[in-house]
Amino acid sequence: MGQILRWMVLFLGGILMIAPIVYMISTSLKWPHEVYNVNLIPEEPTIENYTYVLEDGRFYLWFVNSIIIALITTVSNLFFDSLVGYTLCKFRFPGRYIVFIAILSTLMIPTEMLVIPWYTMSQAFGWLDSYWGIMFPGLMTAFGTFLMKQFFESVPNDFLEAARIDGLNEFQIWWKIAMPLVKPALAALAIFVFLGNWTAFLWPLIVTNSVEMYTVPVGLSGFGDEVDVAWELIMTGAAISTIPTLIVFLIFQRFIIRGVVMAGLKG
Amino acid sequence: MSAYKNLSIRQKQIVWAWLFLAIPVLFYVVIRFYPTGTAFVISFQEWNLLGKRTWTGLENYEKLWNDPVFWKVFRNTFAYLLLGTPVSLVISFVIAYHLDKTRFLHGFLRMLYFLPFMTSAVAMAWVWRWFYQPVPIGLFNNMLASIGIPQIEFLNSTTNALPSILAPAIWAGLGFQVIIFMAGLRAIPVSYYEAAKIDGVGWWTVLTRITLPLLKPTIVFIVVFSSIGFLRIFDHVFNMTTNNPGGPLNSTKPLVLMIYETAFSSFDMGYAAAQTVVLFLILLVVSLLQLWILQGDNT
């Protein structure tokens, strides 16, 4: 009896948790006159809002911008974070400890403190309102470096030594021997970096100023203000910006949860 | 090339290590350390982004000290922290504790709780903003109206606005905390519980004597992680109050929003930089304090 009650309460709580997301999708499928109806199921479902928002063209641009930026930063993070993590884990060289501490210390510095210098830098170098300007601060992260460093600890040194005897150079050993052994960690890091950049708001808001360069969150924020009264359109925009993360989540669910645990306990 | 061949194995390692680190070290120096220094320097200057930078010493900090808006913002920022952290900690623990004991459709239940963590703060801020609208638009007030309860001013009231914005921020982070708590609960050896069962100890004693003490590292992590999140709250506030940034009479404005406005609406870069230094110090002090309190008496 207690078990059933516990399950029911947890289930109801879970339904409440996803209710905002469900309502967002439901409203995006309603005609304007039906928006104020609290019914979850639209009486006459329509995809009119989606065609309207997509034909407007801006969401399409923002989507492409966000995808490109999230993909490039993900690749860059996977490459550099694991290269640095590997080097700090597997090499003995003077200065190793200093580099380690220096990178670790950047975790203490909030992004908000850096945005003003980054902005003046971008201005000086002509990076404002460009992909490069949006991406450059996030090309490497200390968090990713430490996550990868932890995982390279589990790669036995014998493997690397054997490869060295076989005549592989250090880059080849890292790329061909060590990297394939930490694939789960790489996948977890890839998901974090991708989602982090997909949903990033403050820096893209600051560095972009033309509508064509906005990312999805920045575009959505302005779009909401512009059509403040057309809630079905805002919900459609919000749904469009959330769909990629929902898809990523449903495909990689187990993986993401394991990754969160790894990052939480090791990071 | 022959010079490289003559090096010892150890020396070759050093060459490779620095070859691998060259670009990243350059990145960290140029994109992280140099800007950190610059932020401190700008905080002692007056600069409107276009004109010359002039040294003003501690003037920006004095201005901050005497700015009533800053103190309002300071209080708000700590209100987010002091309400958000304990509430989200307790809710997520209760969910994780019970979820851990549930086997039937466990993965499905867990998914329901975790899903909001995956959504974008901007999109969800707009969804909640819609929920909070007055009749006939907002969902909450419509629901209240349909059962005859007078409507509530959520975002336009100086007392309700801050909790109304905090709610979706807590909601969005719960899934993460639940997952971390569940991992912590799994890590507690079953033998402890079995021993307690043999001794006939009640569930409350088990919870307070075994579960919670052994969860301490997990609790420390969640408290520090979520406090940093609440102290840096921005996306939710910005998007739920765009028509009146910071809510009625600045009642919801957190420090990061003040920084954003000072720097990129008023272009008072020196003043904004001084605010970022204050944010940095707050984050530093709060996390060190928590680590010290929560880990200090580890027995």
Conditions (1) more than 9 Å from chain B (Cβ to nearest Cβ); (2) touching a Gly at 6+ places or on another chain (Cβ under 9 Å); number of the one not met by A:L220: (1)
When only residues in region A:43-53 that are part of a helix (DSSP H, G or I) and either free of Cβ contacts under 8 Å to residues at least 24 places away in the same chain or over 20 Å from A:S26 (Cα atoms) (or both) count, which is least open to solvent (accessible area, probe 1.4 Å)? A:T51
What do you reckon, is A:F79 within 14 Å of chain B (Cβ to nearest Cβ), open to solvent by 60 Å² or more (accessible area, probe 1.4 Å) and under 21 Å from the mean Cα position of the chain (by Cα)? yes
Are there helices (runs of 4 or more DSSP H) fully within region B:211-299 with at least 2 residues that are among the aromatic types (F, W, Y)? List them. B:216-231, B:255-264, B:269-296
Matching residues in region B:89-116 - criterion: being facing chain A (nearest Cβ under 10 Å), in contact (Cβ under 8 Å) with a residue 60 or more places away in the chain and surrounded by 19 or more Cβ atoms within 10 Å (Cβ to Cβ): B:I95, B:L99, B:R110, B:Y113, B:F114, B:L115
Look at region A:223-240 and say how many of its residues are within 7 Å of another protein chain (Cβ to nearest Cβ) and free of Cβ contacts under 8 Å to residues at least 40 places away in the same chain. 3
List pairs: first residue in region B:67-88 and on the phi > 0 side of the Ramachandran plot, second residue open to solvent by less than 10 Å² (accessible area, probe 1.4 Å) and not in a loop (DSSP other than H, G, I, E, B) anywhere in the structure, Cβ distance under 6 angstrom, at least six positions apart or on different chains. none
Looking only at region B:281-297, how many residues end up being open to solvent by less than 50 Å² (accessible area, probe 1.4 Å) and touching a residue at least 40 places away in the same chain (Cβ under 8 Å)? 6
So, of the residues in region A:243-262 that are open to solvent by less than 30 Å² (accessible area, probe 1.4 Å) and more than 9 Å from every other protein chain (Cβ to nearest Cβ), which turns out to be nearest to B:R110 (Cα to Cα)? A:G259
Where B:P134 falls short, out of the listed (1) surrounded by 14 or more Cβ atoms within 10 Å (Cβ to Cβ); (2) assigned to a helix (DSSP H, G or I): (2)
Assuming B:Q45 fulfils every condition listed in (1) under 30 Å from A:W175 (Cβ atoms); (2) of a type outside the set (K, R); (3) more than 9 Å from every other protein chain (Cβ to nearest Cβ); (4) open to solvent by less than 100 Å² (accessible area, probe 1.4 Å) apart from one, which condition is it? (1)
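Any idea how many residues of region A:224-242 are open to solvent by 10 Å² or more (accessible area, probe 1.4 Å) and in a helix (DSSP H, G or I)?
Within region A:224-242, the subset open to solvent by 10 Å² or more (accessible area, probe 1.4 Å) is A:225-230, A:232-233, A:240.
Pick out the ones that are also in a helix (DSSP H, G or I) and you get A:225-226, A:232-233, A:240.
Residues in region A:224-242 being open to solvent by 10 Å² or more (accessible area, probe 1.4 Å) and in a helix (DSSP H, G or I): 5 in total.
For the condition under 17 Å from A:A70 (Cβ atoms), among the aliphatic types (A, V, I, L, M), part of a helix (DSSP H, G or I) and modelled with pLDDT of 90 or more, what is the one hit in A:V218, A:V248? Break it down stepwise before answering.
Details: A:V248 fails: modelled with pLDDT of 90 or more.
Result: A:V218 is the single residue among A:V218, A:V248 that is under 17 Å from A:A70 (Cβ atoms), among the aliphatic types (A, V, I, L, M), part of a helix (DSSP H, G or I) and modelled with pLDDT of 90 or more.
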State yes or no: is B:L185 surrounded by fewer than 19 Cβ atoms within 10 Å (Cβ to Cβ), within 21 Å of B:V87 (Cα to Cα) and either of a type in the set (D, E) or assigned by TED's automatic domain parsing to the domain that holds B:S226 (or both)? yes
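When you look at A:L5, is it modelled with pLDDT of 90 or more and surrounded by fewer than 14 Cβ atoms within 10 Å (Cβ to Cβ), yes or no? Break it down into steps so the answer makes sense when it comes.
Details: modelled with pLDDT of 90 or more: yes; surrounded by fewer than 14 Cβ atoms within 10 Å (Cβ to Cβ): yes.
In short, yes.
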Taking the stated definitions as given, is A:I25 within 13 Å of chain B (Cβ to nearest Cβ), modelled with pLDDT of 85 or more and surrounded by fewer than 14 Cβ atoms within 10 Å (Cβ to Cβ)? no
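Of the residues that sit in region B:143-188 and are aromatic (F, W, Y) and more than 9 Å from every other protein chain (Cβ to nearest Cβ), which one is nearest to B:T242 (Cα to Cα)?
Start the filter on region B:143-188 by keeping residues that are aromatic (F, W, Y), which leaves B:154, B:171, B:176, B:181.
Then keep just the ones that are more than 9 Å from every other protein chain (Cβ to nearest Cβ); that gives B:154, B:181.
On the way: B:F154: 15, B:F181: 35 Å.
Result: B:F154.
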When both residues are 6+ apart or on different chains and their Cβ atoms are under 7 Å apart, which pairs have a first residue that lies in region A:192-211 and is at the interface with chain B (Cβ under 7 Å from one of its Cβ atoms) and over 19 Å from A:L78 (Cβ atoms), and a second that is surrounded by fewer than 23 Cβ atoms within 10 Å (Cβ to Cβ) and among the hydrophobic types (A, V, I, L, M, F, W, C)? A:F201/B:A121; A:L202/B:F234; A:I206/B:F264
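Results for (1) more than 8 Å from every other protein chain (Cβ to nearest Cβ); (2) in a helix (DSSP H, G or I); (3) open to solvent by 60 Å² or more (accessible area, probe 1.4 Å); (4) touching a Gly at 6+ places or on another chain (Cβ under 8 Å), shown as yes or no for each residue.
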site: A:G85; (1), (2), (3), (4): yes, yes, no, yes
site: A:Y97; (1), (2), (3), (4): yes, yes, yes, no
site: A:T120; (1), (2), (3), (4): no, yes, no, no
site: A:A124; (1), (2), (3), (4): yes, yes, yes, no
site: A:D129; (1), (2), (3), (4): yes, no, no, no
site: A:E161; (1), (2), (3), (4): yes, yes, yes, no
site: A:I173; (1), (2), (3), (4): yes, yes, no, no
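Please note which helices (runs of 4 or more DSSP H) are completely contained in region B:1-107 and include at least 3 residues that are more than 30 Å from B:F117 (Cα to Cα) and at pLDDT below 90. Steps first, answer last, please.
On the way: elements: B:2-5, B:9-27, B:34-42, B:59-65, B:68-100.
Of the helices (runs of 4 or more DSSP H) lying wholly inside region B:1-107, those with at least 3 residues that are more than 30 Å from B:F117 (Cα to Cα) and at pLDDT below 90 span B:2-5, B:9-27.
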Search region A:132-153 for residues being surrounded by fewer than 19 Cβ atoms within 10 Å (Cβ to Cβ) and under 14 Å from A:T87 (Cα atoms), and hand back the single one that is nearest to the other protein chains (Cβ to nearest Cβ). A:Q150
Name the pairs whose Cβ atoms lie under 6 Å apart, with the first residue in region B:182-201 and part of a helix (DSSP H, G or I), the second surrounded by 10 or more Cβ atoms within 10 Å (Cβ to Cβ), and 6 or more positions between them or separate chains? B:M182/B:A96; B:M182/B:D100; B:A183/A:V261; B:G184/B:L215; B:G184/B:T218; B:L185/B:D100; B:Y192/B:I210; B:A196/B:V206
Do any residues in region A:151-179 that are under 22 Å from B:Y4 (Cβ atoms) have Cβ atoms under 9 Å from those of residues that are surrounded by fewer than 13 Cβ atoms within 10 Å (Cβ to Cβ) and β-branched (V, I, T), where the two are at least six apart or on different chains, and which pairs are they? A:R164/B:I9
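The values are calculated or read from the model by the stated rules, or taken from the named source; none is laboratory data. On a predicted model such as this, the values are computed, not experimentally measured, just so you know. Note: ideal-geometry Cβ built from the backbone for every residue, glycine included; neighbour counts use all protein chains shown. Heads up: the accessible areas ignore ligands, DNA and RNA and are worked out on the full protein's heavy atoms, side chains in. Shrake-Rupley method; radii C 1.70, N 1.55, O 1.52, S 1.80 Å.
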